[in-house]
Amino acid sequence: MRYLWLIFLALVTSASPLRAQDRPQDHLNVVASFSIIGDFVRNVGGDRISMTTLVGPDGDVHVYTPAPADAKKIADAKLLVVNGLGLEGWLPRLVQSSGSKAAIVTATDGIAPLRIEQAADPHAWQSVVDARIYVANIRNALVAADPADAEAFRANAATYLAKLDALDREVRSAIAQIPPARRKVISTHGAFGYFAAAYGIEFIAPLGVSTESEASARDIAGIITQIRTEKIPAVFLENISDVRLIRRISAETGARVGGTLFSDSLSDEKGGAPTYIELVRHNIKALTSALAN
Ligand SMILES: [Zn+2]
């Protein structure tokens, strides 16, 4: 008899109305333009939002071609979180064609952009210090869109920002192990300007700040000369770019391939960088193991 009563209680409890924030259809619907911003949004929004990403793991956000499913995602969204600084050139047309009324949140607001010639360098997430600004902007946007869950968003953001502070210290102490004369590498495209500015490693890349460009024979020849005269110890592949160019530069100069850097995208679950924190850790480990001795 007592067991029946317990079963009855269990049934009543499970059938009781869910609180508003537990019902998925009431969750704030947020779309992130690419995987790294998606990870920031997920960390701040937690279980109070439902989140989808347009450009997924190992995708190239510079040259993305939206699918019809992307228009549907945006049409249903309340918030659309983007990087800005010219990264998502394909987005305005997609937003227009979707008829979306989503508020657009530019996660880099307040970051002083680096410039390469005329173009703004969009890769500010590569500095953990700037990643903090992304997270603060995302927190403020979620709070404004869903004040009922403000407390949860603020608490999640504070927890995540503390992790980013620890990560920033980790990067600095890892770089400190590399002799200053060896803090120089070749990567595929100019994705590490903010990392270079924050942490003092020089990156030289045959492609500019967008993967849309192509390296000229003259650019490649210049880099090959530079590797030889400056004795640059290592070249790096990138998860989003064709590896042939860097392999060719390595073969011609004898500079070793120091591994793969994650530039503009997370990996999938098995790829070594499924979150932003793991991405940064992967990159500093690749850099220090190629350069520290
Ligand atoms: Zn890029």
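What are the semi-axes of the equivalent ellipsoid for the range 147-230, taken as the square roots of 5 times the Cα gyration tensor eigenvalues, largest first, in whole Å?
Values: eigenvalues 266, 76, 6 Å².
They are 36, 19, 6 Å, listed from largest to smallest.
Show me the helices of the chain, taken as full DSSP H stretches, that run 24 Å or more along their long axis by Cα and average 0.5 or above in Kyte-Doolittle hydropathy. Present the calculation step by step, with values, prior to reporting the outcome.
Details: long enough: 128-145 (26 Å, 0.99); 150-176 (39 Å, 0.05).
Both cut-offs are met by 128-145.
Within 10 Å, at most 12 other Cβ atoms, and a DSSP state outside H, G, I, E, B define an exposed site. Report the longest part of the chain free of exposed GluC sites (Glu not before Pro).
Working: sites that count: E117, E212, E214, E230, E269.
It works out to 1-116.
So what's the back-of-envelope 222 nm ellipticity for the chain, counting only DSSP H runs of four-plus at -39500 (n - 2.57) apiece and dividing by all residues, rounded to 500? Present the calculation step by step, with values, prior to reporting the outcome.
Values: 10 runs with 132 residues, N = 293.
Taken over the chain, the calculation gives -14500 deg cm²/dmol.
Return the ratio Rg/(2.2 N^0.38 Å) for the range 46-98, where Rg is computed over Cα atoms only.
1.14
Rounded to the nearest 0.05, what FRET efficiency is calculated for A119 and S289 with R0 set to 41 Å and r the Cβ-Cβ distance? Numbers along the way, then the final one.
Details: r = 32 Å, r/R0 = 0.78.
About 0.80, to the nearest 0.05.
Under the Kirkwood approximation applied to all pairs of distinct alpha-carbon atoms, what is the hydrodynamic radius of the chain in Å? Write down the numbers at each step before the final one.
Numbers: mean 1/r = 0.0482 Å⁻¹.
Every distinct Cα pair counted, the radius reaches 20.7 Å.
Could you give the alpha-carbon Rg of the range 40-181 over 2.2 N^0.38 Å, rounded to two decimals?
Values: Rg = 16.7 Å, N = 142, 2.2 N^0.38 = 14.5 Å.
Relative to the rule-of-thumb radius for its length, the range 40-181 sits at 1.16.
For the range 157-197, with equal point scatterers placed on the C-alpha atoms only and solvent neglected, what are the log10 I(q)/I(0) values from the Debye formula at q = 0.14, 0.16, 0.25, 0.32 1/Å, to two decimals?
Normalising to I(0) and taking log10 leaves -0.46, -0.57, -0.95, -1.07.
Say we join alpha carbon atoms closer than 10 Å with springs in a Gaussian network model of the chain; which of I227, I246, I111 then has the biggest fluctuation?
I111
With the crude spin-label approximation of a point 7 Å out along Cα→Cβ, what separation in nm comes out for D26 versus A166?
It is 3.4 nm.
Can you give the translational diffusion coefficient of the range 97-153 in µm²/s, computed by Stokes-Einstein from the Kirkwood radius over Cα pairs at 20 °C and 1.002 mPa s?
163
Placing +1 at every Lys and Arg Cβ and -1 at every Asp and Glu Cβ, with all other atoms neutral, what dipole size does the chain have around its Cα centre, in debye to the nearest 20? Before the final figure, lay out each step's value.
Details: 30 positive and 31 negative charges, 115 e Å.
Using Cβ point charges on Lys, Arg, Asp and Glu, the chain gives about 560 debye.
Taking all pairs of different Cα atoms in the range 228-281, averaging 1/r and flipping that mean, what Kirkwood radius in angstroms comes out?
Working: mean 1/r = 0.0821 Å⁻¹.
Every distinct Cα pair counted, the radius reaches 12.2 Å.
Laboratory data are not the source of any read-out in this text; all were calculated from the coordinates shown. For clarity, every value in this text was computed on a predicted model and none was experimentally measured. Note: ideal-geometry Cβ built from the backbone for every residue, glycine included; neighbour counts use all protein chains shown.
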